[in-house]
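The values are calculated or read from the model by the stated rules, or taken from the named source; none is laboratory data. No experiment lies behind these values; they were computed from the predicted model shown. Quick reminder, even Gly has a Cβ in these numbers, built from the backbone with ideal geometry, and neighbours come from all protein chains shown. What goes into the accessible areas is simple: the full protein's heavy atoms, side chains included, and nothing from ligands, DNA or RNA. Shrake-Rupley method; radii C 1.70, N 1.55, O 1.52, S 1.80 Å.
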Amino acid sequence: MNIMDFNVKKLAADAGTFLSRAVQFTEEKLGQAEKTELDAHLENLLSKAECTKIWTEKIMKQTEVLLQPNPNARIEEFVYEKLDRKAPSRINNPELLGQYMIDAGTEFGPGTAYGNALIKCGETQKRIGTADRELIQTSALNFLTPLRNFIEGDYKTIAKERKLLQNKRLDLDAAKTRLKKAKAAETKASQLNSARLEGDNNMVNFSYMLNFLHVKWLKIWAEEVTKSEQELRITQSEFDRQAEITRLLLEGISSTHAHHLRCLNDFVEAQMTYYAQCYQYMLDLQKQLGSFPSSYCNNNQTSVAPVPSASSNVIGSSTLTSTSGLVIASPTNLNDLKECSGSRKARVLYDYDAANSSELSLLADEVITVFSVVGMDSDWLMGERGNQKGRVPITYLELLN
């Protein structure tokens with residue numbers, strides 16, 4: 001029974017406090033009550049915290065969009081994060097493209113120019129996909145997580161203490177209003193008390209009794225002065241204490257900015273590493289593709305319009321130079337080679353495993369002797385290394401001057 005009484009009293013007290021705050025807030029909005037203003041320093045700190053929260057949310061959300069453009073994937077990752085479960089690993093777009101290219105190149109044949117180029121491009125795309133995955137993981141750990149911790153942790157604490165400060169201010173202003181009313185009532189009671197009514201008729205007596213009751217009622221207000229002054233001292237102390245707590249929390253925003261700056265540096269470094277890797281991968285790919293003959297339209301078919309040769313007897317006069325500075329053999333060079341009765345030296349660009357006994361396996365960077373054979377497919381030459389001889393794909397060779 002005592003516990004129930006206590007709960008009812010507490011509930012009634014809380015309801016009274018809430019009603020008092022609501023009345024004070026409404027009167028402030030209507031301009032019928034005074035409002036205690038916070039000091040300028042505290043106002044600036046509150047504004048800085050709010051600004052930090054708004055821009056942190058915007059930067060965090062846009063970074064998530066940058067790292068994962070697919071909104072459905074972002075929602076799935078969010079759900080798994082809330083469930084405290086690891087999201088299933090999925091293949092990303094560069095990796096998927098790379099796999100398609102490798103499968104296509106394998107189908108067309110790695111010994112053909114187009115098939116080999118597709119395989120090289122596919123391998124590069126898969127490496128870019130791996131780098132992309134590393135960028136996402138590093139950025140999420142070193143950049144997004146600290147920003148999210150601030151929004152869901154530090155700022156929530158600040159918002160909670162800020163709300164408490166607002167409530168303490170409303171309590172303080174309500175106490176000031178009550179004290180003001182109590183003093184006004186006390187003044188009016190003293191004025192009525194000092195008045196003396198004259199006459200002996202019934203109306204005078206009735207008026208006197210009304211005044212007497214009025215004075216009694218006003219005296220009740222007068223008794224509130226002491227109580228209101230005490231309440232004002234308590235609310236002022238609580239308000240000052242809460243303002244100090246809020247100020248200390250808000251001053252930590254500067255430390256938050258310093259921490260976010262370090263996280264931003266980590267994010268920039270992760271991006272720099274990612275783009276440097278992508279650049280290097282594409283540069284290597286460009287060199288490899290630049291080593292391929294430039295005039296092929298179909299497998300086992302030379303271009304309809306080959307590069308014209310300045311001389312039909314000299315191989316080096318019609319060579320093409322790739323972006324990597326290597327001298328690459330064009331179909332015209334091969335025609336010249338086939339017209340020559342002798343053989344030439346060639347450097348092997350990539351490893352090649354012979355598909356059958358008629359072909360010659362190759363090792364990258366080795367130099368072999370090549371020559372043409374009448375009736376041989378245009379994509380192949382006859383290669384010779386010591387006493388070993390066999391067909392070699394021309395896309396794997398760089399003719400030497």
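Scanning for something among the small types (Gly, Ala, Ser), without any contact (Cβ under 8 Å) to a residue 40 or more places away in the chain, open to solvent by 20 Å² or more (accessible area, probe 1.4 Å) and closer than 21 Å to residue 115 by Cβ, does the range 369-386 turn up at least one residue?
Of the residues in the range 369-386, the ones among the small types (Gly, Ala, Ser) are 372, 375, 378, 383, 386.
Filter once more, so that each one left must be without any contact (Cβ under 8 Å) to a residue 40 or more places away in the chain: 372, 375, 383, 386.
So of that shortlist, the ones also open to solvent by 20 Å² or more (accessible area, probe 1.4 Å) come out as 372, 375, 386.
Pick out the ones that are also closer than 21 Å to residue 115 by Cβ and you get none.
Within the range 369-386 (the criterion being among the small types (Gly, Ala, Ser), without any contact (Cβ under 8 Å) to a residue 40 or more places away in the chain, open to solvent by 20 Å² or more (accessible area, probe 1.4 Å) and closer than 21 Å to residue 115 by Cβ), the answer is no, since none of the residues qualifies.
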Qualifying position, being touching a Pro at 6+ places or on another chain (Cβ under 6 Å), open to solvent by 60 Å² or more (accessible area, probe 1.4 Å) and modelled with pLDDT under 95, among 331, 306
306
Pick from 363, 349: which is surrounded by fewer than 15 Cβ atoms within 10 Å (Cβ to Cβ) and within 22 Å of residue 119 (Cα to Cα)?
363
Can residue 67 be described as crowded, with 16+ Cβ neighbours inside 10 Å and out of contact with any strand residue (DSSP E or B) (no Cβ under 9 Å at 6 or more places or on another chain)?
yes
Criterion violated by residue 88 - all others in (1) part of a helix (DSSP H, G or I); (2) open to solvent by 60 Å² or more (accessible area, probe 1.4 Å) satisfied:
(1)
Condition first: under 30 Å from residue 150 (Cβ atoms) and either outside the structural domain of residue 176 (by the TED database) or small (Gly, Ala, Ser) (or both). Now tell me which residues in the range 22-57 satisfy that.
40, 47, 49
Residue that is most open to solvent (accessible area, probe 1.4 Å), among those in the range 336-346 that are at pLDDT 65 or above and among the basic types (Lys, Arg):
345
Would the range 169-180 turn up any residue that is modelled with pLDDT of 85 or more and under 34 Å from the mean Cα position of the chain (by Cα)?
no
Within the range 70-85, considering residues that are open to solvent by 90 Å² or more (accessible area, probe 1.4 Å) and among the hydrophobic types (A, V, I, L, M, F, W, C), the one nearest to residue 142 (Cα to Cα)
78
Residue 13 being loosely packed, with under 15 Cβ neighbours inside 10 Å, modelled with pLDDT under 80 and part of a helix (DSSP H, G or I):
yes
Checking the condition touching a helix residue (DSSP H, G or I) at 6+ places or on another chain (Cβ under 8 Å), open to solvent by 80 Å² or more (accessible area, probe 1.4 Å) and part of a helix (DSSP H, G or I), which residue from 59, 102 passes?
59
Does any residue in the range 220-235 that is in a helix (DSSP H, G or I) come within less than 6 Å, Cβ to Cβ, of a residue that is modelled with pLDDT of 85 or more six or more places away or on a different chain, and which pairs are these?
231/175; 232/175; 235/171; 235/172; 235/175
In the range 110-150, what residues are open to solvent by 50 Å² or more (accessible area, probe 1.4 Å) and outside any helix (DSSP H, G or I)?
110
